[in-house]
Amino acid sequence: MFIAALVGSVVLSAADVLRDVEHSVARDSKLTPAERLHAAGDRLGLRPAPFDRFKPQLRPRVRYAVDVPEGSRGPFITRGAVVRAYSAFYFLPAIQTPRASRVFHYTFP
Amino acid sequence: MRAVALIGANVLMLVAGLGLLPLLGIARSWRELVFRSGLAYLCGLVLVGIVSAHLALVHVGIGWIGLSLLAVASVIVCIWRLRGTEPVRRRRPAWIDLAGFAALTALLIDYARAFRVAPLNRYDAWAIWALKGHALYSFGWADPAVFAGASYRFANLDYPLLLPSLEAVGFRAMGSFDTRLLHVQFLLLLAAALLALFAVLRDRVPPVVLWLTLLALALAPAVFGQLLTAYADLPLALVFGVGVAAAGRWLITSERWALALAAFCFAGTLLLKNEGSLFVLAVFVALFVAAHRRWRPLLVAAAVDLLVLLPWRIFVRVHHLHDINYSLGDSFDYHHVNGRLGVGPIAFRTLAEQMLDPRQWGVLVPIFVVLVFAAFVLGVRALPLFAAVWTVLAWLGLSWVYVISHFEYSSYLDSTKERVVASVVVGAAALIPLFAAECWARLSVRGRDRPRSVAG
């Protein structure tokens, strides 16, 4: 009985997970380098062009600030906070600070 | 080439872990070293994670040189500790072990097809973990400009650094912040944890039960899906699960090495994620309840774990970092708690539904629950008491987080419910083989006694 339950768990899960694997491989293996680079921003619906235009101005450890309207509020944070977070990730190893001479501007359409 | 570098770094971590086995008392002879060598990889990953997380606080980054030094030191310690002990005996592996390894290897190779092409696109993965891993790789340490920076508060700066440190070790080995191969490290962690569970339990439980449990765990859709997101919840669950299995073994056998291994895994758990503190607290309370007469070694284990966490807690205190999701201090805010008490039962029920969801975890939790009851009925005491206390405490603790949080509870619960239960489910699953063995032993004794009493 107990062994049968374990076997059942294995079979039940295998059917689901092997399908998930195939789905993930089919979806992700087609991504281009550019899509992969902006995968996080794309998922959030952020336009990649402003980020790509600003990035060449930065060097490691250079300070920059982000100028973005707060925008609508999601369940946890505003759209503006999402842009600041994504900028912090995308522009590393440049360092985001509340105020700096270099400023990244982003507006919502 | 980068993949080869990542694999090379992991081989060095495995070697470092091998040397840790004699130090923790897990292997007291060459024969035991080979027998329990399945623990080496996970121990190596956790060791490198702990060491690199601490060194990151004092401006030291671990790359090829650090890994090589750790591995060489490990080999020297290993040879020194095991000199003159019982040599390795050649034994033909059992067919069931060969079949089990073949099945798991095939599965992990299949998973690897997805992990090597996965994009880094899930919020917590890039906003918390990979961002910190990238910063550690780029700056060589936990530079307060980022790790205590006002603009980085969104990244849960109070979360400990084991996982980002491990990611940074991989980036240094690859010479690049590779957001694709980062996922492969998560898959390797799964392989390490499965090997470790096998090594902890192989001589205490029936092999068929052990292999079926390992397969059921590895095949659980939540394990694959959550590891692929590159979140910390599943790594936390895997390290914690091995610790729980070792703690369960210690309860039954009182072997000192099992408690040492459990304490080591719990140290890793504490440095993986803040929720690790809840799970480790729950497990130690349960151990004290189930084995109160053995309180001295438990106290030592708990003290060692606190010591390992201490440097990070000092960093958090010095830089005034705090949890942006909730504050435990709000537990004593009567007005806040009173207004949200209704959230508790909802969260408790929702988390139970997640744990019982067969599309996420198969039927691992129902099997665990039945075995806990069966063990109680059959007269086993320490193991089911331990299991019941830590799982209920962890479950209650997780539910309480939703009560004291200031977020709108339904959004918070919906966005986290699937993953926060991972440690409870994996920890429970890790105990299934021990429960099965204990119940089977009791039933066998009863079966033997019955004809004898009739004859008598």
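Read-outs throughout are calculated quantities, based only on the coordinates presented, and are distinct from any laboratory measurement. Values in this document were obtained by computation on a predicted structure and should not be read as measured data. Cβ atoms come from the backbone with ideal geometry, glycine included; neighbour counts cover every protein chain shown.
Tell me, yes or no, whether segment B:346-365 has at least one residue that is over 13 Å from residue B:399 (Cα atoms), β-branched (Val, Ile, Thr) and either assigned to a helix (DSSP H, G or I) or under 22 Å from the mean Cα position of the chain (by Cα) (or both). Looking for residues that are over 13 Å from residue B:399 (Cα atoms), β-branched (Val, Ile, Thr) and either assigned to a helix (DSSP H, G or I) or under 22 Å from the mean Cα position of the chain (by Cα) (or both), one finds at least one in segment B:346-365, hence yes.
Within segment B:233-250, the set of residues being buried (at least 24 other Cβ atoms within 10 Å of the Cβ) and either under 20 Å from residue B:385 (Cβ atoms) or acidic (Asp, Glu) (or both) comprises B:240, B:241, B:243, B:244, B:245, B:246, B:247, B:248, B:249, B:250. Elements of the type helices (runs of 4 or more DSSP H) sitting completely within segment B:130-205 and holding at least 3 residues that are hydrophobic (A, V, I, L, M, F, W, C) and either within 14 Å of chain A (Cβ to nearest Cβ) or without any contact (Cβ under 8 Å) to a residue 12 or more places away in the chain (or both): these cover B:131-139, B:144-147, B:182-201. Taking the criterion of being within 14 Å of another protein chain (Cβ to nearest Cβ), assigned to a loop (DSSP other than H, G, I, E, B) and closer than 26 Å to residue B:52 by Cβ, the residues of segment B:219-267 that qualify are B:229, B:230, B:231. On the given criteria, is residue B:216 buried (at least 24 other Cβ atoms within 10 Å of the Cβ) and within 14 Å of another protein chain (Cβ to nearest Cβ)? Yes: the conditions hold for residue B:216.
Scanning segment A:72-100 for residues that are more than 10 Å from chain B (Cβ to nearest Cβ), surrounded by fewer than 16 Cβ atoms within 10 Å (Cβ to Cβ) and not charged (D, E, K, R) returns A:72, A:78. Taking the criterion of being in contact (Cβ under 8 Å) with a residue 40 or more places away in the chain and small (Gly, Ala, Ser), the residues of segment A:10-56 that qualify are A:40, A:41.
Selection of segment A:19-43 for residues being within 13 Å of residue B:224 (Cα to Cα) and within 7 Å of chain B (Cβ to nearest Cβ) yields A:20, A:21, A:24, A:25. Can you report the number of residues in segment B:358-377 which are more than 10 Å from every other protein chain (Cβ to nearest Cβ) and surrounded by fewer than 18 Cβ atoms within 10 Å (Cβ to Cβ)? Total meeting the criteria: 4. Being more than 23 Å from residue B:380 (Cα to Cα) and crowded, with 24+ Cβ neighbours inside 10 Å is the filter here; which residues of segment B:276-295 pass it? Correct list: B:276, B:279, B:280.
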